[in-house]
Every structure is written in C-alpha cells, then in structure tokens.
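Take a look at the structure set out below.
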Amino acid sequence: MSAVNLLEFDRESLSDHCERLGEKRFRATQLFRWIHQKGAADFNAMSDLAVSLRSKLNGSAEVGAMKVLSEKVASDGTIKWLFDVGGGDAVETVFIPEADRGTLCISSQAGCAVGCRFCSTGHQGFSRNLTTAEIVGQLWHAEFDLRRRLGLPAGERAVSNVVMMGMGEPLQNYAALVPALRVMLDDHGYGLSRRRVTVSTSGVVPMIDRLRDDCAVALAVSLHAPNDALRNDLVPLNRKYPLAELLAACNRYLEKAPRDFITFEYCMLDGVNDDPTQAAELLALVMTGGPGGRQLPCKFNLIPFNPFPESGLKRSPLAKIVAFARVLQNAGVVTTIRRTRGEDIDAACGQLAGEVQDRTHVERRMTRAPIRIHRPAPTERAIRRGPELA
Ligand code: SAH
Ligand code: SF4
C-alpha cells in the first residue's frame with residue numbers, strides 16, 4: 001500500500017485521518033503544526049508527538065514533497081521552480097520578493113483547458129488537475145526553502161501573500177483548491193490572512209458563488225475585454241459565462257469578500273483591446289455593473305502582455321497603456337499598471353509553461369484566425385462621447 005501524503009489534508013481531514021488510525025483528533029493539530037509551521041517531514045523528529053502516533057505514521061504516511069526539476073533566479077530576485085508532478089507533467093511556481101511582502105504565485109493545474117489566446121499555459125492545452133498535496137506542496141517547498149536560504153529567524157515567514165495566478169484555472173479544480181486554501185489560512189498552518197490570498201479566475205461563474213460560501217478569499221477576475229464579442233475571442237469561457245453574468249457574480253461575491261472590491265486584470269494587447277474607446281467602454285461597464293445599476297466596487301490591474309512566439313500578439317506600447325489607465329483613473333477608478341517581474345527567466349504573468357502532456361490537443365484546435373476587433377461603431381461612439389465631441 002502506498003503511503004498517504006499528509007500534504008493532501010486540511011486540519012479537519014487530518015483529524016479524521018488520526019481518528020482512523022485510532023488516535024485522538026486533537027493530535028492532528030500538533031502534527032499539522034510540525035508540517036506547516038516547522039517544515040518537518042520526518043515523524044521521528046516531531047518530538048512532542050505521541051510515540052504511538054509516530055509509529056503508526058512511519059510506514060503508512062509521508063510528507064510527500066515534489067521533485068524540483070529546476071530552479072532559476074532572475075536578476076530582480078524573482079525565483080521560479082519547476083516541479084515534477086509525474087506522468088511527463090511539470091508545473092511552475094514563482095516567488096516575487098518586494099520590500100514589504102513576499103508573494104508566491106502558485107499553479108493549480110498542469111496546463112489549462114480555457115485556452116486564452118494570449119496565455120502560454122492556454123496554448124499548451126490541459127493535462128490534469130493538481131491534487132491538494134501538489135498545490136500545498138508548492139507553498140511548503142517555497143516557504144521552508146526560502147526560510148533556510150534567507151536565514152530567517154524562527155517563526156518569521158518568507159511568503160506573506162499567495163496568488164493563484166500560476167498555471168491553470170483554479171476554479172476548474174475546485175475540489176482540490178478549497179482544502180489547499182484552508183491550509184494556507186489556518187492559524188496552525190501558514191496563518192495567511194484572507195486578504196492576502198487571492199484566487200484569480202477567467203470567470204467560472206458558479207464556482208465564484210461556491211467560493212464565496214466555502215472560503216471567501218480575495219478575488220481577481222481576468223476581464224481583458226470591454227464587451228462580449230471581443231471577450232469571446234480572447235477568453236473562450238466567456239461564451240459560457242458572458243460579462244453580465246460574470247459581473248453579477250462579482251457583486252454577489254462582494255457580499256462576503258474580505259476586501260470591499262474586486263480586482264480586474266486586463267492584459268494589454270497592442271491594437272486588440274488597448275484603444276481609448278475601449279477604455280471608455282470598460283469604464284461604462286463597471287460604472288453601471290454594480291448593485292442596482294450603480295458602480296461596481298473594483299480596481300484595475302493593467303498587465304502589459306508578455307509575448308511568446310506562438311501567440312502572434314504584441315504588447316501595447318507603454319504610452320497606450322498609460323492613456324488607457326488615465327481614462328479609468330480620471331473617473332476615480334483605482335488603476336495600476338503591473339510591473340513585470342522575472343522576465344529574464346520567463347517567470348512573468350502568462351509565461352509559465354512548465355511541461356504539459358496536452359491531452360486535449362488544444363494546439364490542434366486553437367484558432368489562428370485573426371482577432372476581430374470589436375470597437376463601437378462611429379455613431380455609437382459619438383453618442384457615448386456626447387454631441388459636443390462628435
Ligand atoms: N487562470 C486564471 C489564473 C492564471 S492566469 C486566470 O486566467 O485568471 C494569471 C493572470 O495572468 C491572468 O490575469 C491572465 O489573464 C494573465 N496572463 C495570461 N497570459 C498572459 C500574458 N501572456 N501576458 C500577461 N498576462 C497574462
Ligand atoms: Fe487558463 Fe488563465 Fe491562461 Fe486563460 S489566462 S488559459 S484561464 S491560465
């Protein structure tokens with residue numbers, strides 16, 4: 001019988017496991033703390049754990065870390081690990097150090113089935129969902145490796161923030177995601193605040209609702225287009241869950257969210273979605289997308305597109321990005337332009353590719369057709385701007 005990987009369990013299910021072994025449930029808290037607060041993997045070293053439990057765990061369980069295939073450090077201090085998850089698949093994790101925080105960008109799937117045109121993971125297709133142990137294992141490895149490397153004093157954390165923005169669509173791997181989030185938030189685990197754990201989604205509407213009820217953490221929604229026609233082309237999931245439904249789900253999420261706004265991500269693609277008229281259309285969308293037709297509480301994060309050869313797309317020039325931001329900012333919508341990190345090691349947003357066995361043959365299906373640019377017709381534009389500008 002293969003050993004049970006304890007990284008698979010949140011504290012509740014670890015308690016169930018202890019019970020199955022004939023031990024008291026509360027022993028799980030001690031065990032959990034050894035694993036997630038001290039980074040221990042050797043049961044014999046867990047000195048305050050009952051000897052009976054230690055001997056039952058030896059041989060039947062393990063703290064199963066993943067094999068690191070490579071590790072790269074960028075000139076700006078960003079670190080990228082490539083983890084072997086078996087079967088020819090490998091996933092990437094990125095640590096982004098900043099003066100006041102350390103952010104870990106975690107993968108949720110080997111590949112991704114959504115197939116966004118501008119995303120390197122999307123171009124690889126989908127192999128499989130990661131398990132909870134594989135999601136938590138990325139944090140476990142990064143946290144304790146960094147503590148050793150940085151020589152942090154006992155109890156000081158290296159990772160203060162987690163963003164589920166690596167490879168994959170986290171809300172299409174919901175069953176494994178939620179226990180992993182619980183381990184991150186648990187005071188006996190990593191003790192991260194809900195505001196510092198962000199799930200980023202391309203818009204899986206029913207799962208946004210479930211996350212709100214099961215484990216409301218900060219939410220980022222990848223918007224990328226101001227209307228359904230363009231979003232259908234860029235984010236194929238939009239055909240299933242169009243913008244009106246997505247914004248309604250965002251409003252419902254805000255009722256329980258730890259932050260009082262949704263972060264909208266918008267990847268800036270040259271000549272595709274970066275025109276000032278599209279900024280105005282986007283503004284109109286959020287100005288009326290909130291409860292009762294009022295403004296939807298949100299912030300925008302404009303991500304300069306990180307190019308990769310197969311995409312056939314280009315990054316918007318900085319001046320265009322700044323002008324786009326101005327339109328939103330002038331209306332009082334907080335808008336930031338994301339600083340690209342780890343570019344020299346292909347660790348920037350959307351560059352994570354790992355190694356994925358494409359079981360969906362997405363590369364064969366992915367359309368190469370030029371993106372149709374859906375700008376408002378001149379008459380519509382004139383109406384929106386008002387007659388004085390027409
Ligand atoms: N699947 C989730 C989370 C992973 S992608 C989602 O789509 O939200 C994380 C972020 O990187 C998303 O906002 C995504 O749109 C963005 N992204 C993807 N490819 C990119 C690229 N080539 N350049 C810049 N950002 C990209
Ligand atoms: Fe998947 Fe997100 Fe990439 Fe789209 S942007 S293909 S949802 S990982």
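Odds and ends about this structure:
- Enumeration of residues in the range 254-279 that are of a type in the set (A, V, I, L, M) and either open to solvent by 40 Å² or more (accessible area, probe 1.4 Å) or within 16 Å of ligand 2 (Cβ to nearest atom) (or both): M268, L269, V272
- The sole residue among V205, V235 that is modelled with pLDDT of 95 or more and touching a His at 6+ places or on another chain (Cβ under 7 Å) is V235.
- If only residues of the range 307-337 that are among the small types (G, A, S) and open to solvent by 30 Å² or more (accessible area, probe 1.4 Å) are counted, the one that is nearest to ligand 2 (Cβ to nearest atom) is G312.
- Meets criteria (in contact (Cβ under 8 Å) with a residue 12 or more places away in the chain and within 16 Å of ligand 1 (Cβ to nearest atom)) for V162: yes
- Leading residue by the ranking (nearest to ligand 1 (Cβ to nearest atom)) among those in the range 202-232 that are within 26 Å of R182 (Cα to Cα), crowded, with 18+ Cβ neighbours inside 10 Å and free of Cβ contacts under 8 Å to residues at least 40 places away in the same chain: V204
- Counted residues, the range 233-248 - those being open to solvent by less than 40 Å² (accessible area, probe 1.4 Å), more than 12 Å from ligand 1 (Cβ to nearest atom) and either in contact with a Phe, Trp or Tyr (Cβ under 8 Å, 6 or more places away or on another chain) or farther than 15 Å from C298 by Cβ (or both): 3
- Only residues that are out of contact with any Lys or Arg (no Cβ under 8 Å at 6 or more places or on another chain), more than 16 Å from ligand 2 (Cβ to nearest atom) and open to solvent by less than 30 Å² (accessible area, probe 1.4 Å) were counted in the range 149-169, giving 1.
- Filter pass, L31 being assigned to a helix (DSSP H, G or I), more than 21 Å from P170 (Cβ to Cβ) and not small (G, A, S): yes
- Only one of L302, L296, L285 that is in a loop (DSSP other than H, G, I, E, B), surrounded by 13 or more Cβ atoms within 10 Å (Cβ to Cβ) and modelled with pLDDT of 95 or more: L296
The values are calculated or read from the model by the stated rules, or taken from the named source; none is laboratory data. If you're wondering where the values come from, they're calculated on a predicted model, not measured in any experiment. So basically every Cβ, Gly included, is an ideal-geometry build from the backbone, and we count neighbours across all protein chains shown. Please note that ligands, DNA and RNA were not included when accessible areas were found on the heavy atoms of the full protein model with its side chains. Shrake-Rupley method; radii C 1.70, N 1.55, O 1.52, S 1.80 Å.
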